[in-house]
Amino acid sequence: MFSTVSGIFLSALVLLWQDSPVEVARLRGPAEWIVRGLFLAALPGFLWGARSIPAFDPLGTRPIRSRLPDEAIGTGAFVVRGPYRWIRHPQYFFTLILIWAQPDLTADRLLFDLIFSAWIVIGTVLEERDLVEEFGELYRDYQKNVPMLLPYRRPSARI
């Protein structure tokens, strides 16, 4: 449900958005190219995360479809591979890089980045709750061994 509401909210945000001429920061020279490189590196990272899970559901419709009559949508297997060994939510991590890795930061862009980042954190917390409910102790053990949004340590040998 959060994914559906997110899609509607973010579509409205994009459609109603108004640019601001107020410049907050501007990177030039090597810093600009480093930031652009981070943006470009996040694109294959995002795809890597999508390909690493067997039942990728980018719109979050599986919980809704599973409640419909005559829909046989079971719980997918709990699989930890690829970027999921480093971080529990690589799609969100790479999305955060994509939205923040911009060399020109205007007031409207900063507002958008802050709103979208907060939305991702809220969505992550809600998703974690659903995953604990779905996978139980298996997911709780995963939470103990793998960081949620920032890959600050090496993959655990326990997963």
Q. Within region 142-155, is there a residue that is in a helix (DSSP H, G or I), open to solvent by 30 Å² or more (accessible area, probe 1.4 Å) and more than 18 Å from residue 3 (Cα to Cα)?
A. yes
Q) Yes or no: residue 60 under 19 Å from residue 86 (Cα atoms), open to solvent by less than 80 Å² (accessible area, probe 1.4 Å) and at pLDDT below 95? A) no
Q: Give just the number: which of (1) open to solvent by 40 Å² or more (accessible area, probe 1.4 Å); (2) of a type outside the set (A, V, I, L, M); (3) under 20 Å from residue 17 (Cβ atoms) does residue 137 not satisfy?
A: (3)
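Can you find, within region 1-51, the residue that is least open to solvent (accessible area, probe 1.4 Å) among those that are assigned to a loop (DSSP other than H, G, I, E, B) and within 26 Å of residue 125 (Cβ to Cβ)?
17
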Q: Please indicate, with yes or no, whether at least one residue in region 118-131 is under 17 Å from residue 53 (Cβ atoms), of a type in the set (A, V, I, L, M), in a helix (DSSP H, G or I) and under 18 Å from the mean Cα position of the chain (by Cα).
A: yes
Q) When the residues of region 95-111 are filtered to those that are hydrophobic (A, V, I, L, M, F, W, C), within 25 Å of residue 48 (Cβ to Cβ) and in a helix (DSSP H, G or I), which remaining residue is least open to solvent (accessible area, probe 1.4 Å)? A) 99
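The values are calculated or read from the model by the stated rules, or taken from the named source; none is laboratory data. In this text, all values refer to a predicted model and were calculated from it rather than measured experimentally. A quick note on method: Cβ atoms are made from the backbone with ideal geometry, for glycine too, and the neighbour counts reach across all protein chains shown. Accessible surface areas use protein heavy atoms only, side chains included; no ligands, DNA or RNA. Shrake-Rupley method; radii C 1.70, N 1.55, O 1.52, S 1.80 Å.
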